[in-house]
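Colleague: If you scroll down you'll find the structure; I have some questions about it.
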Amino acid sequence: MAMAKYDLTPRIAPNLDRHLVFPLLEFTQERELYPNDQILKAKIELLNNTNMVDYAMDIHKSLYHTEDVPQDMVDRRVEVVARLKSLEEAAAPLVTFLQNPSAVQELRADKQYNLQMLNDRYQIGPEQIEALYQYAKFQFECGNYSGAADYLYQYRALCTNAERSLSALWGKLAAEILMQNWEIALEELNRLKEIIDSKNFASSLNQVQSRIWLMHWSLFIFFNHDNGRTQIIDLFNQDKYLNAIQTNAPHLLRYLATAFIVNKKRRPQFKEFIKVIQQEQHSFADPITEFLACVYVNFDFDGAQKKMKECEDVILNDPFLGKRVEESNYTVVPLKDEFLENARLFIFETYCRIHERIDMGVLAEKLNLNYEDAERWILNLIRTSKLDAKIDTQTGTVVMEPNHPNVYEQLIDHTKGLSGRTYKLVNQLLEHSQAQTAR
């Protein structure tokens, strides 16, 4: 339970649909981060505002070691069953139509045509379409995520109300996440991002909040999807999303930092991210971000070595980072192993930049390895051309080859950086100009 101090569930949960919180509670319960009774009470509290009454009854029995349940739960179950039957009857005409393949073929891309056709030929009007939305929402609250996803998809094909359609898309995304349909969930996530980025919100704060919700929900997808560790960088590292993280959700830096550490494809963006770590190191403390600060900001290699152990514990006890391999779609090594391997490489690369000759014993200590393992690890780096150095076995040192910077490469790098900053500045000016015009 000592690891509870690093648990981000209390920060993440308020930004999730309550159904998405259940997997996090299951994980913390399995890892024993909190007393079991505390987690069971949290589950019951979450269930109070859903229609999953049977599940709430089961947890109550487990928590209080009894077969009896409170009368209010019994009454609530009766209400849920009655309401479900009522909504089912109200949505029945449209559900029957949607279950008829030949009838569905009459639908077109033109929503107005569809509404007129449904009304003229099948006597299905706005009331039945609204009933489908309510029925889908109720199914979701009952825990029938498959049925909810299907009905919400069909509802959005007929809905002409932009706000309702957006609400249905959030519900569809939650349902796909809970069913672990990661490919479909990613499609819905991208669809939702497009709407959030292009929609005219009542205030900029509402848009920022929507981006924060989207990033929290995306954690389920990105740490389960095969290409998620790259895509989380592509999303979180965008200026508007990174600004939202820094101002409203700095705890998300843990996940962006982890993605950068295990992802070798995004090294050019990594330098800019280190500047963010430097800016935020006093406002958000997390072993993973502190590790990067030790290596790249403070050059505190002893501190980095100590942080590596804390990082390992954090990853194992984080619901997004610490899944068992057999529970994910990954066919590669666990994230923890990738993280530690690359973390050692980060320490080594940075340490080598400021030393020409390094004692193997000292280096082994910095890498948290014994002497023989450190020697094998460095030899492997040399063989795979990841390190321009040689080992002097007589003195027990690693000798770095001189690496003279290429003037032309430096010029290209600076030009790229200037181009990127210019692009950002132009975008900011355009946005400001559009905002002034709108007023």
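The values are calculated or read from the model by the stated rules, or taken from the named source; none is laboratory data. Please read these numbers as outputs of a predicted model, since none were measured by experiment. For neighbour counting, all protein chains shown are included, and Cβ atoms are generated from backbone atoms with ideal geometry for every residue, glycine included. These area figures cover heavy atoms from the full protein model, side chains too; ligands, DNA and RNA do not enter into them. Shrake-Rupley method; radii C 1.70, N 1.55, O 1.52, S 1.80 Å.
So that you can scan it fast, the table gives a plain yes or no per residue for (1) over 22 Å from the mean Cα position of the chain (by Cα); (2) crowded, with 17+ Cβ neighbours inside 10 Å; (3) farther than 22 Å from Ala249 by Cα; (4) modelled with pLDDT under 95:
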| residue | (1), (2), (3), (4) |
| --- | --- |
| Ala2 | yes, no, yes, yes |
| Lys5 | no, no, no, yes |
| Leu8 | no, yes, no, no |
| Arg11 | no, no, no, no |
| Leu16 | no, yes, no, no |
| Leu25 | no, yes, no, no |
| Leu46 | no, yes, yes, yes |
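Colleague: Then there's this: Please note which helices (runs of 4 or more DSSP H) are completely contained in the range 1-60 and include at least 1 residues that are under 28 Å from Val78 (Cβ atoms).
Modeller: 18-31, 36-47
Colleague: In the range 243-268, which residues are more than 21 Å from Pro10 (Cα to Cα) and of a type in the set (A, V, I, L, M, F, W, C)?
Modeller: Going through the range 243-268, the residues more than 21 Å from Pro10 (Cα to Cα) turn out to be 243, 259-268.
Those that are more than 21 Å from Pro10 (Cα to Cα) and of a type in the set (A, V, I, L, M, F, W, C): Ala259, Phe260, Ile261, Val262.
Colleague: So in the range 181-220, with the set limited to residues that are among the β-branched types (Val, Ile, Thr) and within 17 Å of Phe236 (Cβ to Cβ), which one is most open to solvent (accessible area, probe 1.4 Å)?
Modeller: Val208
Colleague: If you go through the range 22-44 one residue at a time, do you hit one that is under 30 Å from Glu127 (Cβ atoms) and in contact with a helix residue (DSSP H, G or I) (Cβ under 8 Å, 6 or more places away or on another chain)? Break it down into steps so the answer makes sense when it comes.
Modeller: The initial filter retains those residues of the range 22-44 that are under 30 Å from Glu127 (Cβ atoms), namely none.
Checking the range 22-44: not a single residue is under 30 Å from Glu127 (Cβ atoms) and in contact with a helix residue (DSSP H, G or I) (Cβ under 8 Å, 6 or more places away or on another chain).
Colleague: Please specify each residue of the range 61-99 satisfying the condition of being touching a residue at least 24 places away in the same chain (Cβ under 8 Å), within 35 Å of the chain's Cα centre (by Cα) and either outside any helix (DSSP H, G or I) or within 30 Å of Leu132 (Cα to Cα) (or both).
Modeller: Scanning the range 61-99 gives Arg77, Val80, Arg83, Leu84, Leu87, Glu88, Ala91, Val95, Leu98.
Colleague: While we're here: For residues in the range 236-250 being open to solvent by less than 10 Å² (accessible area, probe 1.4 Å) and either touching a residue at least 60 places away in the same chain (Cβ under 8 Å) or under 11 Å from the mean Cα position of the chain (by Cα) (or both), which is farthest from Glu310 (Cα to Cα)?
Modeller: Phe236
Colleague: Can I ask one more? For the range 219-272, give me each residue that is of a type in the set (Phe, Trp, Tyr) and in contact with a helix residue (DSSP H, G or I) (Cβ under 7 Å, 6 or more places away or on another chain).
Modeller: Hits for the range 219-272 are Phe220, Phe222, Phe236, Tyr241, Tyr255, Phe260, Phe270.
Colleague: While we're looking at this one, here's another question. Here are the criteria: (1) surrounded by fewer than 16 Cβ atoms within 10 Å (Cβ to Cβ); (2) assigned to a helix (DSSP H, G or I). Tell me which single one Asp226 does not satisfy.
Modeller: (2)
Colleague: With Glu163, Glu130 as the choices, which residue is open to solvent by 70 Å² or more (accessible area, probe 1.4 Å) and without any contact (Cβ under 8 Å) to a residue 12 or more places away in the chain?
Modeller: Being open to solvent by 70 Å² or more (accessible area, probe 1.4 Å) and without any contact (Cβ under 8 Å) to a residue 12 or more places away in the chain holds for just one of Glu163, Glu130, which is Glu163.
Colleague: Inspect all residues belonging to the range 53-71 and state whether any of them is surrounded by 17 or more Cβ atoms within 10 Å (Cβ to Cβ) and closer than 30 Å to Asp313 by Cα.
Modeller: Yes, some residue in the range 53-71 is surrounded by 17 or more Cβ atoms within 10 Å (Cβ to Cβ) and closer than 30 Å to Asp313 by Cα.
Colleague: Do we find that Tyr55 is of a type outside the set (Gly, Ala, Ser) and farther than 26 Å from Gln209 by Cα in this structure?
Modeller: Values: of a type outside the set (Gly, Ala, Ser): yes; farther than 26 Å from Gln209 by Cα: yes.
Yes, satisfied.
Colleague: Here is a further query. With the condition being among the polar types (S, T, N, Q) and closer than 24 Å to Pro101 by Cα, I'd like the helices (runs of 4 or more DSSP H) fully within the range 124-222 carrying at least 1 qualifying residues.
Modeller: Filter on the range 124-222 gives 126-141, 145-158, 162-178.
Colleague: Of Leu24, Leu63, Leu40, which residue is more than 26 Å from Gln139 (Cβ to Cβ) and not basic (Lys, Arg)?
Modeller: Leu63
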